[in-house]
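Take a look at the structure below.
The values are calculated or read from the model by the stated rules, or taken from the named source; none is laboratory data. Values in this document were obtained by computation on a predicted structure and should not be read as measured data. Every residue, glycine as well, gets a Cβ built from its backbone with ideal geometry; the counts of neighbours run over all protein chains shown. Just so you know, the surface numbers come from the protein's heavy atoms only, side chains and all, with ligands and any DNA or RNA stripped out. Shrake-Rupley method; radii C 1.70, N 1.55, O 1.52, S 1.80 Å.
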Amino acid sequence: MFKLGETIQFEDQANDVLTVGELLVDMISNEYGEDTVGDGYTRYFGGSPSNIAINAGKLGIRSHVASAVGRDSLGNYLMNRLQSAGMATSGIQQVDDSTSMVVITKSQATPVPIFYRAADYRLEYNEALEQALIHSRIVHFSCWPISRNPSRETVERVIKTARKHKVLIGFDPNYHPSIWQKGEDGVAYVKSIIPKVDIIKPSGDDAERLFGPGTPEEQIARFLALGAKLVILTLGKDGALVSTGSETMSFATKATQIEDTTGAGDAFWSGFYTAIIKGYTLTEALELGFAVSAYKLKFTGAVVDLPALAVIKQQFNL
């Protein structure tokens, strides 16, 4: 049972956060618009797990990534970017499929992506991944790796091992039908995962894709009814609503400038995880997570040059 005014106690481990899932290239348009008339795109390092891990490292905690990329130039680009960010690449599996890519039209609202997937869902459970997991305090994943096999089976084993070793499990239920196999009921599968994790952070769009329309309060109740333990419902300019079932709090947005929303949720996760690892209460960690997200929104691309968490805290008067 989580209490918003309390800290989360962790056992001492060699690593703080292990992120599991997609490592890919974001091709982001150089112009704004739902269907931009421009022809230019810029290549960015992408994939939620790697974004979170790199950001968390910049904020001041230890992180590790488990992903799969192709044996191609884009895969090499991603590996080199990880190394340049000071990240180990021992958890990156290189496979014969092409490195995955997402094409995004730059937006000040929720961007609409186009997915080109191959290598990312080839991630397999192996001894290196298991050792990284049992020596971490937190493991994190999103809908990407559970949308297809073999990475789905990998995450199922990750969840089982994490629960056995008391590793905190964070889940981003960023369900999008385009990343699932045609004809498969991805919504039902995502709902089956919810009671198995500790912390879940849907956006308003995520909630509507999973449950249909509803007020924030109704959506929170739907997640809790499925067995969610801590729900962080982000609502864009309207802030966020957070609930443990017994406690519910609303948070105002801290964003004052929006250049690009890509990776804003990942920035929140990295700030939140860093704060709970450093011993902040859940309420304080939520505030710091939203502050890191607001800082990221000022820049284009999912990974930006974040300062240490203490600097973010000072800038946002927290």
Fluctuation leader among L306, L23, L226 - the chain, Gaussian network, Cα springs under 10 angstrom: L226
Cα gyration tensor, the range 1-115 - rounded (a/c under 1.5), prolate or oblate: oblate
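Can you tell me how the range 179-262 classifies by the Cα gyration tensor, rounded, prolate or oblate, using a/c under 1.5 as the rounded cut? Write out the running numbers ahead of the final one.
On the way: a/c = 2.10, a/b = 1.25, b/c = 1.68.
In terms of gyration-tensor shape, oblate.
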When each of K58/K106; K58/K191; K58/K278 is checked by Cα-Cα distance, pairs over 22 Å: K58/K106; K58/K191
Overall dimensions of the range 152-304 as given by Cα atoms, namely Rg and Dmax in Å: 15.4, 44
Fully extended contour minus Cα-Cα distance, from N76 to L226, at 0.36 nm per residue: 49.9 nm
For the chain, built as a Gaussian network whose Cα springs stay under 10 Å, the top-fluctuating residue of E31, E127, E153: E127
Beta bridges per DSSP with both ends in the chain, % antiparallel, nearest 5: 40 percent
Where trypsin sites (Lys or Arg not before Pro) fall in DSSP loop in the range 155-208, at most 11 other Cβ within 10 Å: K166, K182
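Taking each full run of DSSP H in the chain as one helix, which ones are at least 24 Å long along their axis (Cα atoms) and have mean Kyte-Doolittle hydropathy of at least 1.6? Walk me through the intermediate numbers first.
Numbers: long enough: none.
None clear 24 Å together with a mean of 1.6.
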For the chain, accessible area per residue (1.4 Å probe, heavy atoms of protein chains only), Å²: 42 Å²
Gain on full stretching of the segment that runs from F10 to Y116 - 0.36 nm per residue minus C-alpha separation: 34.4 nm
Near-label residues of the range 266-289 by backbone N, under 19 Å of a point 7 Å along Cα→Cβ of S246: 281-284
Nearest-0.05 FRET efficiency for S192 and T283, computed from C-beta distance (R0 25 Å): 0.25
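Determine, from the Cβ-Cβ distance of T300 and R152 and an R0 of 45 Å, the FRET efficiency 1/(1 + (r/R0)^6), rounded to the nearest 0.05. Write out the running numbers ahead of the final one.
Details: r = 32 Å, r/R0 = 0.71.
After rounding, the FRET efficiency stands at 0.90.
Give the peptides 86-95, 255-264 in descending order of average Cβ contacts within 10 Å, highest first.
Per-residue Cβ counts within 10 Å, averaged per peptide and sorted highest first, yield 255-264, 86-95.
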Heavy-atom accessible surface of the chain: percent carbon and sulfur, 1.4 Å: 48 percent
Stretchable slack from E184 to T161, in nm (0.36 nm times residue separation minus alpha-carbon distance): 5.7 nm
Three-way shape call for the chain based on the alpha-carbon gyration tensor, with the a/c threshold at 1.5: rounded
Candidates per trypsin sites (Lys or Arg not before Pro) in the range 51-99, loop by DSSP, up to 14 other Cβ within 10 Å: R71
Span from the the range 187-255 Cα centroid across to the the range 138-169 one, whole angstrom: 20 Å
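If the only charges are +1 at each Lys and Arg Cβ and -1 at each Asp and Glu Cβ, what is the size of the charge dipole of the range 104-155 around the Cα centre, to the nearest 20 debye?
Working: 6 positive and 5 negative charges, 64 e Å.
That gives a dipole near 300 debye.
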Whole-Å distance, taken between Cα centres, linking the range 76-125 and the range 2-34: 14 Å
